[in-house]
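Student: I am attaching a structure below and will ask some questions about it afterwards.
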Amino acid sequence: MVRVRAMRTLENAVRRLGFLRVAGVDEVGRGCLAGPVTAAAVVLHPDRHIPGLSDSKQVPAPEREALYRVITRRAEAWAVASIEPAEIDLLNIHRASLRAMQTAVLRLAPLPDLVLVDAFRIPGLFMAQRSVVHGDARCAAIAAASIVAKVTRDRLMLELHHHDPRYGFDRHKGYATADHLRAVGAFGYSPVHRRTFRPPSLFDTIE
């Protein structure tokens, strides 16, 4: 995979229009069988450059951890929010993802002037927002949010693994890998699995 460096072109353009506090927002964990969906909102400081920002899926785990430390130290503001599996089952994963992103934005202090969101528009926000297609690869603020969300969620999944190592959450972080499906076939769903997300391959594994 060719790694694309996220740029600050869009943030700089909207700042010239008068939006001074620009937040990037992204979420991780939509496609998982287990664990929360986690969102982050990050307001980058215009004068504190952070090299290496990119879509979190393109960044190796050790580098993501290093970037997380830099982002949370240099950003003007950042916040995270997670929606747990039981609430995901009540809302559905799309609405749960939007709620996580909305909560992360509203936890920023002070609130941003403009929100840049990867691919979606977030309901219930009273500030301006813009949806950016492939924003986690194109926009530095969204890329920063994707890294913060990914590292936060991975750490949560490691904690879940320590409580119940049968499923291998430390390896797949709740995604529907072959190992994970075999574990579900052997042990059934745990309390941290999403009951409403059952891929066809799961039934093949169980049978």
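Student: Past the 33 angstrom mark, what percentage of all C-alpha to C-alpha distances in the chain do you count?
Tutor: Cα-Cα pairs in the chain separated by more than 33 Å: 16 percent.
Student: Just grab the label-to-label distance for residue 84 and residue 195, each label 7 Å out from Cα along the Cβ direction, in nm (one decimal).
Tutor: 1.5 nm
Student: Whole percent per 5 Å bin, from 0 to the bin with the longest distance: what is P(r) over all C-alpha pairs of segment 1-93?
Tutor: 3, 11, 19, 21, 18, 13, 10, 5, 0
Student: As I understand it, the value is the acute angle between the Cα axis of helix 140-163 and the longest principal axis of the Cα atoms of the chain; what does it come to in degrees, rounded to 10?
Tutor: Once rounded, the angle reads 30 degrees.
Student: OK, next. Might you report the magnitude of the Cβ-based charge dipole of segment 38-195 about its Cα centre, with Lys and Arg at +1 and Asp and Glu at -1, to the nearest 20 debye?
Tutor: About 120 debye.
Student: So how far apart, in nm, are the two label points at residue 178 and residue 13 if each is 7 Å from Cα heading toward Cβ?
Tutor: So the label points at residue 178 and residue 13 sit 4.4 nm apart.
Student: Please work out the ratio of the alpha-carbon Rg of segment 120-170 to 2.2 N^0.38 Å and round it to two decimals.
Tutor: 1.59
Student: Which order do you get for 63, 159 if you rank them by accessible area with a 1.4 Å probe, largest at the top?
Tutor: Reading off the accessible areas and sorting them downward yields 159, 63.
Student: How many nm separate the modelled label positions at residue 158 and residue 3, each set 7 Å beyond the Cα in the direction of the Cβ?
Tutor: 1.9 nm
Student: Compute the angle between helix 93-106 and the longest alpha-carbon principal axis of the chain, please, reported from 0 to 90 degrees and rounded to the nearest 10.
Tutor: 40 degrees
Student: Could you rank the peptides 191-197, 162-168, 65-71 by their average count of other C-beta atoms within 10 Å per residue, with the highest value first?
Tutor: The packing order, highest mean first, is 65-71, 191-197, 162-168.
Student: Show the residues, 5+ positions off or on another chain, whose built amide H is closer than 5 Å to the amide H of residue 130.
Tutor: The list, which skips near neighbours in sequence, is 115, 116, 117.
Student: On to the next question. Let me have the 222 nm mean residue ellipticity of the chain computed from DSSP H runs of 4+ only, each contributing -39500 (n - 2.57), with the sum over all residues rounded to the nearest 500.
Tutor: One gets -13000 deg cm²/dmol as the mean residue ellipticity at 222 nm.
Student: Send over the per residue convex hull volume for segment 79-196, Cα only, as a whole number of Å³.
Tutor: Spread over its residues, the Cα hull of segment 79-196 gives 114 Å³ apiece.
The values are calculated or read from the model by the stated rules, or taken from the named source; none is laboratory data. Given the structure is predicted, the values throughout are model-derived calculations rather than measurements. Using ideal geometry, Cβ is built from the backbone for each residue, glycine included, and neighbour counts are taken over all protein chains shown. For accessibility, only protein heavy atoms count, side chains too; no ligands or nucleic acids. Shrake-Rupley method; radii C 1.70, N 1.55, O 1.52, S 1.80 Å.
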